[in-house]
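Notes for the one structure printed next.
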Amino acid sequence: MNKQLSVKMLLNSKLNGTKQTVFFRQNWVEIDKSDFYFNLKKIKEYISKDTKIMAVIKSDAYGHGAVALAREAQEAGVTWIAVSSLEEGIILRETGIKSDILILGNIFPYENFQVAIAHSLTSTISKMSEFASLENLAIRLNKRINFHFKVDTGMGRIGSLSEIACSVLQKIAQSNKVSMIGMYTHFAVADTDPLFTQLQLSTFTKIVKFARVNLRLKFIAHVANSAALFKNKRTHLDMVRPGLGLYGLTPFKFSERFLKVKPVLSWKTRITFLKKVPSGFCVSYGRAFVTNKLSIIATIPVGYHDGYNRLLSNKADVLVRGKRCPIVGRITMNMTMIDVTGIKDVTVGDEVVLIGTQGKEHIKVDEIAKIQNTINYEITCNISAHIPRIIV
């Protein structure tokens, strides 16, 4: 055998029968499964024992790693998982996920309903043309097909407008080829506007009542995202759809007053280069930072290609040996510089925390989001897929 160990062999190496994640660039994300279980347990305790949980694992579990966390959710007894696309659902099926999987996005072109059926994925239906296509497929396959019906009560995205939802439901009720096993809507401002949220809830529950009482349909009704789940127990209905809450991301300010969850994700790197520089020394592109004293500048192998946004330049902190250190100069594509002048015995190889805890200090996702003037889950979603996710 060739003495040179290939990258492929390294990436698939095993130790004591367990597949190991091997990477060469010191830049990785840690996912704490005990905190994920803690959050799931807290949500279970917060809702009624008869209320089901649909774990929202779309968009690579908000950047946390879909396959690994879908496995954890399945092991914890979660019966439903939500994804945004056929591709996401297929990946979960091919990696052994057996839970029911709902595709929250609409299917187009309609021929792709056949792909969903082939992988036992449950589609969302929002209008008559989608329903007709699914029914025709059921006739061709001589197979009863299940789906969820989406109602637009004020989000303005996909979904049947509430004014025409009942007429669509009447057609659905007449079919013996397909089965509506779920109906749902999505809140637009559950985090900020309780009055509009209540209007959406009232509109939806009237449609649910019509379907159950007038049409004798049996299905799971679900509306509550994390913000609604935390704030308003009347939204829990038959099933809740936590996304942010599962990952310990706060859906709104002071949400811990309702339900306290723990952040699941940490983002780490290491110092790979150190140098002492004199006062008046310029750092990075554009000479946007100039030292005002003898300083120690460290380089870390992370940049905007990795999802560490350039807007954090000269504004964000990282943690080294339990202390905050400022980013200095502009963040570059693959490297960032930090000022470690005040860190005693700092050395190449020291761990650097971009998001997470080190010692008594903590860099929260919300802190990074505030600097970028965005929402916390955009930060985690934007951590590049090439960064290894390690379950700890």
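The values are calculated or read from the model by the stated rules, or taken from the named source; none is laboratory data. Bear in mind that the values here come from a model prediction, so they are computed numbers and not experimental data. All Cβ positions, even for glycine, are placed from backbone atoms using ideal geometry, and neighbour counts span all protein chains on display.
Each row is one residue, and each column tells you yes or no for (1) of a type in the set (Val, Ile, Thr); (2) touching a residue at least 60 places away in the same chain (Cβ under 8 Å); (3) more than 30 Å from Leu104 (Cα to Cα).
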{"residue": "Lys231", "(1), (2), (3)": "no, no, no"}
{"residue": "Thr250", "(1), (2), (3)": "yes, yes, no"}
{"residue": "Val261", "(1), (2), (3)": "yes, yes, no"}
{"residue": "Ser266", "(1), (2), (3)": "no, yes, no"}
{"residue": "Pro278", "(1), (2), (3)": "no, no, yes"}
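Yes/no matrix, rows are residues, columns are (1) in contact with a Leu (Cβ under 9 Å, 6 or more places away or on another chain); (2) in a helix (DSSP H, G or I); (3) surrounded by 15 or more Cβ atoms within 10 Å (Cβ to Cβ):
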| site | (1), (2), (3) |
| --- | --- |
| Asp50 | no, no, no |
| Ala55 | yes, no, yes |
| Tyr62 | yes, yes, yes |
| Ala82 | yes, no, yes |
| Ile97 | no, no, yes |
| Asn146 | no, no, yes |
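Just one of (1) touching a helix residue (DSSP H, G or I) at 6+ places or on another chain (Cβ under 6 Å); (2) touching a residue at least 40 places away in the same chain (Cβ under 8 Å); (3) closer than 30 Å to Phe38 by Cβ; (4) among the hydroxyl-bearing types (Ser, Thr, Tyr) fails for Ser175. It is (3). When every residue of the stretch 220-232 is checked against the conditions, at least one turns out to be within 21 Å of the chain's Cα centre (by Cα) and basic (Lys, Arg). Of all residues in the stretch 86-113, exactly one satisfies the criterion of being out of contact with any helix residue (DSSP H, G or I) (no Cβ under 8 Å at 6 or more places or on another chain), closer than 20 Å to Leu244 by Cβ and not hydrophobic (A, V, I, L, M, F, W, C), namely Gly105. Note on the stretch 330-385: enclosed strands (runs of 3 or more DSSP E) holding 2 or more residues that are surrounded by fewer than 20 Cβ atoms within 10 Å (Cβ to Cβ) and under 24 Å from the mean Cα position of the chain (by Cα) are 351-358. Within the stretch 201-210, does at least one residue satisfy the condition of being modelled with pLDDT of 95 or more, among the charged types (D, E, K, R), assigned to a helix (DSSP H, G or I) and farther than 23 Å from Ala82 by Cα? Within the stretch 201-210, one or more residues are modelled with pLDDT of 95 or more, among the charged types (D, E, K, R), assigned to a helix (DSSP H, G or I) and farther than 23 Å from Ala82 by Cα.
Being free of Cβ contacts under 8 Å to residues at least 60 places away in the same chain, surrounded by 15 or more Cβ atoms within 10 Å (Cβ to Cβ) and assigned to a strand (DSSP E or B): is that true of Gly105 here? Lay out the reasoning, then the answer.
Details: free of Cβ contacts under 8 Å to residues at least 60 places away in the same chain: yes; surrounded by 15 or more Cβ atoms within 10 Å (Cβ to Cβ): yes; assigned to a strand (DSSP E or B): yes.
Yes; evaluated as a whole, the condition is true for this residue.
Scanning the stretch 284-311 for residues that are under 25 Å from the mean Cα position of the chain (by Cα), over 25 Å from Lys344 (Cα atoms) and of a type in the set (A, V, I, L, M, F, W, C) gives a single hit, Leu311.
When Val240 is tested against (1) at pLDDT 95 or above; (2) closer than 29 Å to Ala221 by Cβ; (3) surrounded by fewer than 22 Cβ atoms within 10 Å (Cβ to Cβ), only condition (3) is not met.
Only residues that are closer than 20 Å to Ile164 by Cβ and either among the β-branched types (Val, Ile, Thr) or not assigned by TED's automatic domain parsing to the domain that holds Gly156 (or both) were counted in the stretch 176-218, giving 7.
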